[in-house]
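Below is one structure, written out as structure tokens; comments come after it.
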Amino acid sequence: MCRISGILNTMLPITKMEGLVREMCELQKHGGPDDEGIYSSVDGKIVLGHRRLSLIDLSKAGHQPMQYEERYWISYNGELYNFHELKESLTQLGHHFNTHSDTEVILAAYSHWGVHSFAMLKGMFAFAIWDSLDKELVLVRDAAGIKPLYYTREENGIAFTSEIRAMNVLPAFGEKNENWQVYLMAYGHVPEPVTTIKNVYPLPKGYFLKYNLSRKRFLLQSFKHYSYNTTISEKSFAIDSIRHELAGAVKRHMLADAPIGIFLSGGVDSGILSLLAAENTREQVNTLSLYFEEAAYSEKKYPDILIKKLGCSNHQYLLKESVFHESFPAILKAMDMPCSDGINTWFISKYAKEQGLKAVLSGIGGDELFGGYPSFKRIQIASLLHNLPAWSIDAVKNSGKKQLNRLSYLNMDGIKGIYLFLRGHFTPVEIAKQIGASEKEVWNILNDEPVFQDLPNLPFKEQASWMEFNIYMQNQLLRDADVMGMAHGVEIRVPFLDSDFIKLALSIAPNLKYGSTRPKPLLIDAYKHDLPQPIWDRPKMGFSFPFAAWLKKSEYVQTLMENSNKNSLANYYAFLKGDLHWSQLMSLIIINNRNNAN
């Protein structure tokens with residue numbers, strides 16, 4: 001796992017571009033602490049930069065940017081889990097390899113199959129390939145959107161990077177997009193394709209962007225996407241398929257030449273991953289867990305049950321309130337794109353690094369694919385309310401009852417309105433008051449972007465799955481996992497988002513996957529004889545912190561909010577009284593912290 005940057009520009013001197021790319025890479029050094037590299041071509045008007053976190057082929061042969069056939073150059077961030085199979089096929093086709101890395105396999109595949117090779121790649125990746133013969137640059141991002149890749153384009157060329165903060169070194173593309181504050185307050189994150197900088201966008205997942213220097217022509221095209229398509233309706237076959245595919249996914253994700261660990265929360269998803277990982281290694285599995293002095297938030301007894309069963313090498317960390325307060329400013333600084341979550345990931349990644357681990361497995365994806373969130377139960381009533389006339393929704397939301405205010409989001413079309421009704425933080429009225437804008441201006445911003453596809457033929461719970469997978473997980477969980485993990489030079493791998501496993505999950509009939517009682521019934525049935533009963537037969541708690549209590553006593557937060565505008569201060573006092581959720585306060589903390597930094 002690494003960090004990448006690059007500039008292709010017909011007007012800038014090559015020395016200027018080299019300086020900018022080096023600066024972009026230096027800003028991302030935390031995500032690639034093991035090595036750095038620069039490739040530049042005066043003829044091609046391009047500079048590629050790379051920061052390396054060594055996990056496969058730890059030798060100098062894995063250095064990047066990497067060349068192949070004296071024609072292709074690559075700067076690559078990710079892990080390719082089927083590279084051995086691809087390498088064997090390409091060898092039979094006459095290709096020769098000088099390294100043991102997956103990077104060289106991507107180059108060989110592109111040299112042989114061109115853009116058709118992208119759909120063959122199984123893993124998480126974001127990379128740039130430069131064809132020095134055809135003078136063509138191609139940017140690629142995996143179909144699950146696990147790895148980030150941001151770009152900006154204009155008449156004279158293109159620039160790209162793994163973290164949005166690196167774009168700030170480019171003077172031509174540094175204009176702030178102040179609308180990010182509206183999105184953060186509404187969603188709790190900034191949803192793709194919105195970013196904090198104007199004219200800078202995330203490459204859509206499962207897409208490639210090709211730029212031909214000679215013709216100055218751009219092509220943005222999808223190479224792979226996932227869709228819900230029920231083909232499995234027999235329960236025993238579904239369970240057998242889940243067990244087979246997930247075992248294969250975990251085995252692939254254990255591939256590395258460096259130590260790997262597992263985040264063990266004591267829940268179903270991390271428990272399954274730990275069991276499967278233990279079956280795929282001759283050594284003890286390294287698990288990491290957090291626990292708290294506050295009994296109401298500590299899940300220590302559940303990891304302890306799994307540790308006893310696995311006989312694994314476990315590292316448990318007592319996270320004290322004092323450590324949280326000491327670390328909070330650094331956590332805010334580590335955020336790339338603003339998000340009201342991710343703090344737990346920052347801490348567990350910090351401890352993983354202290355244990356010498358460079359990669360860890362996470363259970364992200366299990367809830368989204370198999371129905372682990374309250375939204376799976378609530379979406380039907382939300383959809384029925386969504387069909388009410390606008391005047392009736394307005395009448396209820398104007399009743400003065402605060403808990404009904406979010407009903408206003410149901411005036412928005414499609415899944416966007418349902419998502420914000422179920423998961424939204426602040427309402428447009430509250431956002432407008434906070435930023436000093438009109439309510440109409442806020443509505444215009446939120447209606448503008450993002451644009452989601454229509455889901456008219458999906459059953460209710462499949463709509464919830466699509467929503468959680470493509471909005472919440474995409475923009476919050478995966479982004480937090482990448483940024484907070486890489487803040488400590490730790491790669492977070494997500495076996496539930498293995499390409500083959502996603503396809504399987506989306507092909508299972510919804511009545512099997514979701515049921516009507518406990519969350520994730522099919523996934524639990526697939527492993528209930530392997531997992532101890534207390535792990536799967538308990539209320540879902542989540543991987544959380546005693547945030548509300550801690551933030552109320554934070555001197556850093558108190559000082560920040562007392563120096564903010566009167567609306568932020570009023571919301572802070574509402575939080576102290578228990579009338580505002582800590583995640584809502586987090587959005588205001590982030591906004592005021594960034595405004596002060598500017």
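Values quoted throughout were computed directly from the atomic coordinates according to the rules given, and no laboratory measurement underlies them. Quick caveat: nothing in here was measured; it's all calculated off a predicted structure. Note: ideal-geometry Cβ built from the backbone for every residue, glycine included; neighbour counts use all protein chains shown.
Below is a table of values for the structure above.
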| quantity | calculated |
| --- | --- |
| Whole-Å distance, taken between Cα centres, linking region 564-598 and region 9-52 | 38 |
| Farthest positive-ward along region 2-222 dipole, Cα basis, beta-carbon charges - from LEU121, PRO65, SER214 | SER214 |
| Quotient of C-alpha Rg and 2.2 N^0.38 Å, computed over region 554-598 | 1.03 |
| Simple Cβ-charge dipole of region 1-115, Lys/Arg +1 and Asp/Glu -1, about Cα centre, in debye nearest 20 | 340 |
| Check: the chain dipole with +1 on Lys, Arg Cβ and -1 on Asp, Glu Cβ, in debye | 1020 |
| For region 440-542: rounded, prolate or oblate by the Cα gyration tensor [a/c cutoff 1.5] | oblate |
| Dipole of the chain, positive direction: furthest Cα of HIS112, SER465, ASN168, with charges on the beta-carbon | SER465 |
| Of every Cα-Cα pair in region 2-222, the percent that sits beyond 32 Å | 14 |
| Mean separation of Cα contacts under 8 Å, 6 or more apart, over the residue count of region 60-163: relative contact order % | 26 |
| Quarter of the Cα convex hull surface for region 462-598, i.e. its orientation-mean projected area (nm²) | 12.0 |
| Mean Cβ count within 10 Å, highest first, over the residues of peptides 148-158, 265-275, 498-508 | 265-275, 498-508, 148-158 |
| ASN511/MET11 FRET efficiency (R0 60 Å; Cβ-Cβ; nearest 0.05) | 0.55 |
| Sequence-distant residues sharing a close amide H with TYR207 (under 5 Å, placed H) | ARG141, PHE223 |
| Estimated distance in nm for a label pair at SER214 and ASN565, the labels positioned 7 Å out from Cα along Cα-to-Cβ | 5.3 |
| Alpha carbon centroid spacing (whole Å) that separates region 244-290 from region 87-150 | 27 |
| Shape category assigned to region 123-175 from the gyration tensor of Cα positions, a/c cut at 1.5 | oblate |
| Order by protection proxy (mean Cβ within 10 Å, highest first), peptides 106-116, 460-470 | 460-470, 106-116 |
| Length gained when the stretch LYS333-ASN229 is fully extended (0.36 nm per residue, less Cα-Cα span) | 33.3 nm |
| Debye, to nearest 20: dipole size of region 2-222, +1 on Lys, Arg Cβ, -1 on Asp, Glu Cβ | 480 |
| Ellipsoid equivalent to region 198-282 - semi-axes via the Cα gyration tensor, in Å | 37, 21, 13 |
| Amide hydrogen neighbours beyond the local backbone of GLY6, cut-off 5 Å, H modeled | GLY49, PHE160 |
| Overall form of region 459-506 per C-alpha gyration tensor (a/c, 1.5; a/b vs b/c) | oblate |
| Mean Cα-pair separation over length for the chain, i.e. relative contact order, pairs under 8 Å, 6 or more apart, % | 16 |
